[in-house]
Amino acid sequence: MKESPYQRAVLIVNPVSGQARGLRLGQQLRTTLEARGVVCSVRVTSGLGDAMRWSRSAAADGFDLIVTIGGDGTVGEVVSGQARSEEKVPIAVVPVGTANVVALALALPWFPGTATGNILDARVLPFDVGYLPAEDRHFLLMAAIGYPAKVIQDSPRRLKNLFGVFTYLGAGVRNALKLDEVRILIEDENGVVNEFEGNTILLSNIGKIGDLNLKVTPDTSAHDGRFDVTVISSRSLWDLIAVVFRMLTWRYRPTPRLHHFQASKVTIATDPPVAIQIDGEDLGQTPLAAEIVPGGVHLIVGKRYRENPDDGGFLEELKLPQMWQRKKS
């Protein structure tokens with residue numbers, strides 16, 4: 001059996017994720033990891049801020065691995081904690097939530113039985129993180145403004161517990177039938193202001209999900225120090241379907257209904273104000289200021305994760321710091 005590259009792991013568990021499967025899975029992973037020689041500490045969240053606090057202090061507490069067991073909200077807190085820490089600790093995500101978009105984006109295994117092998121054997125890569133200075137919040141995937149944020153608002157937890165991902169589908173169709181365009185002003189780090197009419201703004205950091213053959217834009221990268229800004233001006237359900245079809249088939253090209261540019265820092269205002277969500281969490285209304293934090297976190301990715309699915313390119317994995325390497329007996 002291959003020796004683990006890690007010595008001490010903190011398992012951060014959201015007990016309500018996945019209809020309370022998180023606790024059981026946390027204990028199973030602890031048993032499996034300790035059988036591989038990793039000393040584990042299981043910490044169970046009881047409220048907002050727990051996961052972020054434990055993640056931020058992981059290195060200071062002597063841990064060289066963070067395992068997150070929960071949904072995208074829990075992952076977001078752990079990412080935020082590590083983005084605030086000067087000493088980075090690799091984060092492994094074990095998906096137990098409703099949508100688990102982060103796990104899809106990182107090409108992670110979905111079955112608990114394969115999670116341990118991926119954690120100990122897979123690559124560790126640096127990922128950029130989005131930061132909202134006014135709210136002091138971080139995000140890994142994207143900030144979505146307008147239509148997608150309204151879909152999140154109309155998908156309460158009680159319905160997600162009953163219907164899972166179909167809750168989002170139902171809310172998406174309902175809101176697509178009443179799309180309203182607004183005036184959009186976006187200023188980049190150079191002071192250039194772009195003006196649009198539309199109903200959706202996507203501020204993407206990770207914009208490719210290879211396993212679903214989905215990408216928001218043709219060249220979105222979580223490793224280039226830039227956001228990909230996409231404005232969608234679909235005025236009907238059929239316009240929206242056409243845009244989604246382009247994303248699913250990777251036939252992206254600018255159209256009067258689809259605009260795209262890149263920036264490392266943006267300020268977004270709309271008239272009238274519209275809803276905002278970051279990584280699936282509600283965040284009020286516009287305006288919004290955001291900037292990129294290059295290499296803000298180190299994440300363990302799945303074996304199928306590719307930085308550029310079009311050409312099969314792979315990023316070089318991070319080398320674990322010498323202090324993390326097991327001493328040879």
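Nothing in this text is a laboratory measurement; each read-out follows from the coordinates by a stated rule. Source: prediction; values computed, not measured. Note: ideal-geometry Cβ built from the backbone for every residue, glycine included; neighbour counts use all protein chains shown.
Once backbone amide H atoms are built at 1.01 Å from N, R123 has V301 as its partners under 5 Å, excluding neighbours fewer than 5 places away on the same chain. Relative protection proxy for 123-129, 20-26, from highest mean packing down: 123-129, 20-26 (other beta-carbon atoms within 10 angstrom). Amide H contacts for V93 (H built 1.01 Å from N in the peptide plane; partners 5 or more residues away or on another chain; cut-off under 5 Å): T68, I300.
Ranked for footprinting exposure by Cβ neighbours inside 10 Å, fewest first, K303, K150, K265 give K303, K265, K150.
Coupling constants for the stretch 71-86 follow from the phi torsions by the Karplus curve (6.51 cos²θ - 1.76 cosθ + 1.60, θ = phi - 60°), and in residue order they are x, 5, x, 5, 4, x, 5, 5, 4, 4, x, 5, 5, 8, 9, 6 Hz; glycine and proline get x. If R0 is taken as 25 Å, the Cβ-Cβ distance between Q28 and D136 corresponds to a FRET efficiency of 0.10. With N counted as the residues of the stretch 62-140, its alpha-carbon radius of gyration over 2.2 N^0.38 Å works out to 1.10.
Length available on full extension from N194 to D224: 0.36 nm per residue minus the Cα-Cα distance, which gives 8.6 nm.
Between the amide H of A59 and any residue lying 5 or more places away or on another chain, no distance stays under 5 Å, with hydrogens modeled in the peptide plane.
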